[in-house]
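Worksheet for the structure shown next.
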Amino acid sequence: MHATDGGPAAPTGAAPSRPRLLARDLTILGVVGVLLIAALGAGAAAAYRELYSPRAFVLHYLELLQDRRAAEALAVPGVAVDSTELQSAGLPATASDALLRTDALQTITSAHVTAETVVDDVIRVTVEYRAGSYEGRTTFAIRQDGWIGVVPRWRFAVSPLAVVDLTVRGSMRFSVNGFEIDKRQVSVDGVDADASAAVPLLVFSPGLYSVAVDTPISATPGVAILADSPLTGVPVDVQAEPTDEFVSVVQQRVEDFLTGCAEQRVLQPTGCPFGFTVRNRIDDAPTWSIIDQPTVSVVPDGAGWRIPSAEATAHIEVDIRSIFDGSVRTVEEDVPFTVDGQISVQPDGSASISIGGSLD
């Protein structure tokens, strides 16, 4: 046998050359790298949105309110305010921080961001939420405040606190969301606080605040206030009504007063709303009795209370001696009169009643 010229022929289906394999591998690695970078970018974007974005900053603040973590909410950058900021916003510089506590908070639920806009360096984040049975919406102003490593740090450009300018008539004591307050504790005037003057109170916004009075003297159903605008004033005027117990006490005091008047055996009892005039001499000291006590009511009157005019009747029995002939006759007569009065509430919570009136 004789050998043929040249090497053996290449078999059919032989493996690709090494350069082609390397190119394919590099292509696959490139695609994987692009996908990995895209995934990392998407993950970073999602992390930024959920953890480090302005919306995340606002939702964190609202989560603190939802969990009633008042101290932590107050520590969020841009929340706390000083007197200068309050004055610049046209709010009372002496607003009390008594309500910036857990005991005075109601939770905010279902908070979600509905809009986010940028104007210059301020980002406005609008959030909708539920406060008690009320649906609310608040827009917060956010500004970048430097960096924490590679992520931005944020703060409120406008504090989310608000001021409730609260006037409670008929009581020095009231409650906000069940937290008891005495005007003299939160007023800059202290024990000299005017009972009819408003007291400015800092509150978290958004926040639902229910003001109520429940004392032995006065009471009122809760008045709900939704503070939903950052760094604005919310005027609230609450008029307490007298309790049945208080009216009953006043009724008894009036009756005791008139009974005391009737014990004076003179024609014109001193300091009393009734009397009797005769042109002749009396032969003996008169005898008085109250035959119709007034039905007393109590109505608000500024910082105190007032007893509107109520009708009553006294009865006098007196012997009168004629100056002409010396004869004596017994006079028995009903004397109608009216009773009214003023009631002021003392610093210790007691009531001072001044009773007046006149003859009909």
**Per-residue ³J(HN,Hα) for region 161-176, Karplus 6.51 cos²θ - 1.76 cosθ + 1.60, θ = phi - 60°, Hz, x for Gly and Pro** = 6, 10, 10, 8, 8, 9, 10, 10, 9, x, 6, 7, 10, 7, 10, 10
**Prompt:** Per the 1.4 Å probe, what fraction of the accessible area of region 137-259, in percent, lies on carbon and sulfur atoms?
**Reply:** 50
**Message:** With every protein chain left in place and a probe of 1.4 Å, what is the accessible surface of residue 325, to the nearest 10 Å²?
**Reply:** 110
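For the chain, calculate the relative contact order in percent as a whole number, restricting contacts to Cα pairs under 8 Å that are 6 or more residues apart. Working shown, then result.
Numbers: 718 pairs, mean separation 39.2, N = 360.
Once divided by the residue count of the chain, the mean separation gives 11 percent.
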**Asked** If you place +1 on the Cβ of every Lys and Arg and -1 on the Cβ of every Asp and Glu, how big does the dipole about the Cα centre of region 239-295 come out, in debye to the nearest 20?
**Response** 440
**Fill in**
For the chain, whose charge dipole is built from +1 on Lys and Arg Cβ atoms and -1 on Asp and Glu Cβ atoms, the candidate among 196, 174, 280 with its Cα farthest towards the positive end is 174
**Message:** Are there any GluC sites (Glu not before Pro) in region 201-271 that are in a DSSP loop and have at most 11 other Cβ atoms within 10 Å? List them by number.
**Reply:** 263
**Complete:** Once the dipole of the chain is set up from charges on Cβ (+1 Lys and Arg, -1 Asp and Glu), the residue from the list 108, 152, 260 lying farthest towards its positive end is 152
**Request:** Mind sorting out which of (i) 22.5; (ii) 27.5; (iii) 21.0 is the real Kirkwood radius over Cα pairs in Å computed from the coordinates?
**Result:** (ii)
**Fill in**
Here the percent of antiparallel bridges among DSSP beta bridges lying wholly in the chain, to the nearest 5, is 90
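Counting only protein chains, not ligands or nucleic acids, how are 330, 277 ordered by accessible area (probe 1.4 Å), most first?
Numbers: 330 80, 277 110 Å².
Putting 330, 277 in descending order of accessible area: 277, 330.
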**Item:** J(HN,Hα) series, region 260-266, from Karplus relation 6.51 cos²θ - 1.76 cosθ + 1.60, nearest Hz, glycine and proline x
**Value:** x, 4, 5, 7, 7, 8, 9
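Only helical DSSP H runs with n ≥ 4 go in: add -39500 (n - 2.57) per run for the chain, normalise by residue count and round the 222 nm mean residue ellipticity to 500 deg cm²/dmol. Write down the numbers at each step before the final one.
Working: 6 runs with 78 residues, N = 360.
The per-residue figure over the chain is -7000 deg cm²/dmol.
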**Prompt:** Heavy-atom accessible area of residue 272 with all protein chains present, probe 1.4 Å, nearest 10 Å²?
**Reply:** 30
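Can you work out the accessible area per residue across the chain, with the rest of the protein chains kept in place, probe 1.4 Å, in square angstrom?
On the way: 19900 Å² over 360 residues.
Using a 1.4 Å probe on heavy atoms only, each residue of the chain averages 55 Å².
Size of the dipole of region 285-360 about the Cα centre, Lys and Arg at +1 and Asp and Glu at -1 on the beta carbon, nothing else charged, in debye to 20?
Details: 3 positive and 12 negative charges, 43 e Å.
Dipole of region 285-360, to the nearest 20 debye: 200 debye.
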**Asked** Residue farthest toward the positive end of the dipole of the chain, with Cβ of Lys/Arg at +1 and Asp/Glu at -1: which of 350, 239, 338?
**Response** 239
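The values are calculated or read from the model by the stated rules, or taken from the named source; none is laboratory data. Nothing here was measured: the structure is a model prediction, and the numbers come from that model. Here the Cβ is made from the backbone with ideal geometry for all residues, glycine too, and neighbour counts use every protein chain on show. Surface accessibility is based on the protein's heavy atoms, side chains included, excluding ligands, DNA and RNA. Shrake-Rupley method; radii C 1.70, N 1.55, O 1.52, S 1.80 Å.
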